[in-house]
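Structure, as structure tokens:
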Amino acid sequence: MSAPGPKPLRADARRNRERLLDVAVRAFSRNGPDVTLDAIAKEAGVGIGTLYRHFPTREALIEAAYRNELAKLCDAASELANEMPPDRALRAWMDRAADYLATKRGMADALRVVIAAGANPYENSRDLLLGAIGTLLGAGAGAGILRGDVTAEDLLVGMNGICLATGEPGRREQAGRLLDLLMDGLRHGAPGAPS
């Protein structure tokens, strides 16, 4: 007999939790790990007790905020694949991934606090990202509009390189051009690509 899972949150509690996570991402990205939890609660429009009910420690809030951003990014792969052609879905997802990587970079100091406390917020990140990329690449290869010989790992490395090289403020336009170039390479040689 398995133990029951956690009790589902009421709608208002779920909204409070989501607001806290959204505010935490912005606050930790902007101000690092030293932002006060009171300030986060106040900006989210909840009391400090509500924050602590959801996240008993600063580290728990930082880790949950990071994992929530990762989950939103990875979930977007399937949503985009259902809404648009595979190549456009992948390109739209790449923009979201670039935003995610910028957020992760902004939260780096806060995430180091989590790691110092003994947790590993990145534990499943790579697998989740590779799964999301694989979904989009597979759809494009299956439709014959993207090459089938590029792996999710290849694309993740390429995207990370572009985002690292163009990560400073004001270089977003350059990142977009480089991601477009990467997409052109993914289309080149695909069975259904124009010659």
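The values are calculated or read from the model by the stated rules, or taken from the named source; none is laboratory data. Computed from a predicted structure; not experimentally measured. No Cβ is skipped: glycine too gets one built from the backbone with ideal geometry, and neighbour counts run over all protein chains shown. Remember, those area values only see protein heavy atoms, side chains included, never the ligands or the DNA or RNA. Shrake-Rupley method; radii C 1.70, N 1.55, O 1.52, S 1.80 Å.
For the structure I just gave you, tell me whether Ala89 is hydrophobic (A, V, I, L, M, F, W, C), in a helix (DSSP H, G or I) and more than 29 Å from Leu182 (Cβ to Cβ). So Ala89 fails the test.
Residue by residue, here is whether (1) open to solvent by less than 80 Å² (accessible area, probe 1.4 Å); (2) among the aromatic types (Phe, Trp, Tyr); (3) within 22 Å of Glu69 (Cα to Cα) holds:
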{"residue": "Ala132", "(1), (2), (3)": "yes, no, yes"}
{"residue": "Thr135", "(1), (2), (3)": "yes, no, yes"}
{"residue": "Leu146", "(1), (2), (3)": "yes, no, no"}
{"residue": "Gly161", "(1), (2), (3)": "yes, no, yes"}
{"residue": "Leu164", "(1), (2), (3)": "no, no, yes"}
{"residue": "Glu168", "(1), (2), (3)": "no, no, yes"}
{"residue": "Glu173", "(1), (2), (3)": "no, no, no"}
{"residue": "Leu178", "(1), (2), (3)": "yes, no, no"}
{"residue": "Gly192", "(1), (2), (3)": "yes, no, no"}
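So, Gly176, is that one assigned to a helix (DSSP H, G or I) and either in contact with a His (Cβ under 7 Å, 6 or more places away or on another chain) or not charged (D, E, K, R) (or both) or not? Considered against the rule, which asks whether it is assigned to a helix (DSSP H, G or I) and either in contact with a His (Cβ under 7 Å, 6 or more places away or on another chain) or not charged (D, E, K, R) (or both), Gly176 comes out as yes. For the range 142-173, a tally of residues being among the β-branched types (Val, Ile, Thr) and not in a helix (DSSP H, G or I) returns 4.
Residues that are free of Cβ contacts under 8 Å to residues at least 40 places away in the same chain and assigned to a helix (DSSP H, G or I) were ranked within the range 109-123; the one that is nearest to Leu70 (Cα to Cα) is Ile115.
Residues checked against (1) open to solvent by less than 30 Å² (accessible area, probe 1.4 Å); (2) basic (Lys, Arg); (3) at pLDDT below 95:
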{"position": "Lys7", "(1), (2), (3)": "no, yes, yes"}
{"position": "Arg15", "(1), (2), (3)": "no, yes, yes"}
{"position": "Asp22", "(1), (2), (3)": "no, no, no"}
{"position": "Asp34", "(1), (2), (3)": "no, no, yes"}
{"position": "Ala44", "(1), (2), (3)": "yes, no, no"}
{"position": "Leu51", "(1), (2), (3)": "yes, no, no"}
{"position": "Leu80", "(1), (2), (3)": "yes, no, no"}
{"position": "Ala97", "(1), (2), (3)": "yes, no, yes"}
{"position": "Arg112", "(1), (2), (3)": "no, yes, yes"}
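What do you reckon, is Gly131 outside any helix (DSSP H, G or I) and either of a type outside the set (D, E, K, R) or under 15 Å from the mean Cα position of the chain (by Cα) (or both)? The answer is no for Gly131.
Under the condition of being open to solvent by 80 Å² or more (accessible area, probe 1.4 Å) and of a type in the set (A, V, I, L, M, F, W, C), the residues counted in the range 116-130 number 2.
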